[in-house]
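All remarks here apply to the structure that follows.
The values are calculated or read from the model by the stated rules, or taken from the named source; none is laboratory data. Given the structure is predicted, the values throughout are model-derived calculations rather than measurements. For neighbour counting, all protein chains shown are included, and Cβ atoms are generated from backbone atoms with ideal geometry for every residue, glycine included. Note: areas computed on protein heavy atoms with side chains; ligands, DNA, RNA excluded. Shrake-Rupley method; radii C 1.70, N 1.55, O 1.52, S 1.80 Å.
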Amino acid sequence: MRFPTYRPRRLRQTPQLRALIRETELSVKNLIAPLFVREGTKIRKPISSMPGQFQLSIDELVKECAAIAKLGVPGVILFGIPDKKDDKASGAYAANGIIPKAVRALKKEFPNLLVITDVCLCEYMSHGHCGVVRKLPRSSGTPKNFGAGDRRYIIDNDASLGLLAKSSVAYAAAGADIIAPSDMMDGRVAAIRAALDETGFTDTPIMSYAAKFASANYGPFREAAESPPQFGDRRTYQMDYANADEALREVALDIQEGADIVMVKPALGYQDLIWRVKEKFRYPVACYNVSGEYAMLKAAAQNSWLDEKSAVLEMLTGFRRSGADIILTYWAQQAAKWLKE
């Protein structure tokens, strides 16, 4: 009988052997925790579609970040929920808005914790879109993107850039370590980079949501951030999920405009793009393990259809294997605990 010369199973016999030849390592240092912060005190409001996640007042945010820092998670990304919204997103760039206040509180208590601020207008706009909305005359020939009846709307890309830049400067002035624009307006990285440089924040890096797709997996986030669009959808500015080459062009544009880190969002169904972005550009690459991905796996675990720990660590390791250096995930704290076991 002829036996195989090479038996791959030889190196799979024990945990020690498997660890010895493991090609991809998942570490707590790769994780960033998304957090939702709102006005008020002693608020820890559960998010029904995201078990284990909460809207937090600043005092509760500080407590949450104390636990996060103790676990060794290097940073958090903040999403603000203002008390009032308007059609100018004024809460997004107010010097005493929810995000600047939260940043100042966190940097005072945890100077070594990376505080990343998401930059978008949707949470602050009364209509829930990520940019300035313009209503067009009934006679306009522009395609009807939003609304009902004979109303016609567009997202005014260029008018939105100034507001995004103002928001970024407000967050940098409060002490944010990284600015992370997620709006998908054309040219926003260049506008933000110029505004930061002109106001003395030349050393503040930009982590751009460079390839952000219009996805069905954002639903729970919109509950958490109280930011669903009041009409239409976001497909005129977020990417078509069928397009990969276009995603590479988007990433290239953001790098040309000054992005220091580029992101692919969502993560689970887009690992091919994480890989392609890393291979092509060799830039630091982030991915966002989004709310719908979290909700699906949580629901399966709660129904005992799979083991949550095993499934989460496998998924996060898959993102690393695909080329992600940074993983934004709602499992950051829990994964950090599992990785220490």
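Basic side chains Lys and Arg get +1 at the Cβ, acidic Asp and Glu get -1 at the Cβ, and with that the dipole of region 246-341 about its Cα centre reaches some 220 debye.
Each pair of Cα atoms in region 122-262 enters the Kirkwood radius, and Stokes-Einstein at 20 °C and 1.002 mPa s then converts it into a translational diffusion coefficient of 133 µm²/s.
Once every DSSP H run of n ≥ 4 in the chain is given -39500 (n - 2.57) and the sum is divided by its residues, what mean residue ellipticity at 222 nm do you get, rounded to the nearest 500 deg cm²/dmol?
Calculated at 222 nm, the ellipticity per residue is -11500 deg cm²/dmol.
Applying 1/(1 + (r/R0)^6) with r as the Cβ-Cβ distance of residue 279 and residue 314 and R0 = 25 angstrom yields a FRET efficiency of 0.65.
Between residue 299 and residue 27, the contour length at 0.36 nm per residue exceeds the alpha carbon distance by 95.4 nm. Computed over protein heavy atoms with a 1.4 Å probe, the accessible surface of the chain works out to 46 Å² per residue.
Explain nothing, just the number: dipole magnitude of region 11-166 about its Cα centre with +1 on each Lys and Arg Cβ and -1 on each Asp and Glu Cβ, in debye rounded to the nearest 20.
The dipole magnitude comes to about 120 debye.
Here region 183-341 is treated as an ellipsoid with the same Cα gyration tensor; its semi-axes, largest first and in whole Å, are 28, 19, 16.
Beyond 16 Å, what share of the Cα-Cα pairs of region 34-107 remains, rounded to the nearest whole percent? Here the long-distance tail beyond 16 Å is 49 percent of all Cα pairs in region 34-107.
The convex hull around the C-alpha trace of region 247-341, projected and averaged over every direction, spans 6.4 square nanometres.
Quick one, which of (1) 0.97; (2) 1.00; (3) 1.42 is the actual Rg/Rh (Cα atoms, Kirkwood Rh) calculated for this model? The calculated read-out lines up with (2). Only protein atoms count toward the accessible area here, which uses a 1.4 Å probe; on the chain, the carbon and sulfur part of that area reaches 51 percent.
Convex hull volume per residue, computed on the Cα atoms of region 250-297, equals 71 Å³.
Computed from point charges on the beta carbon alone (+1 for Lys and Arg, -1 for Asp and Glu), the dipole magnitude for region 22-107 about its Cα centre is near 200 Debye. In units of the compact-protein estimate 2.2 N^0.38 Å, region 184-228 shows a Cα radius of gyration of 1.53. Here region 197-291 is treated as a Stokes sphere of Kirkwood radius computed over C-alpha pairs; at 20 °C and 1.002 mPa s its diffusion coefficient rounds to 150 µm²/s.
For the peptides 98-111, 164-177, the ranking by mean Cβ contacts within 10 Å, running from highest to lowest, is 164-177, 98-111.
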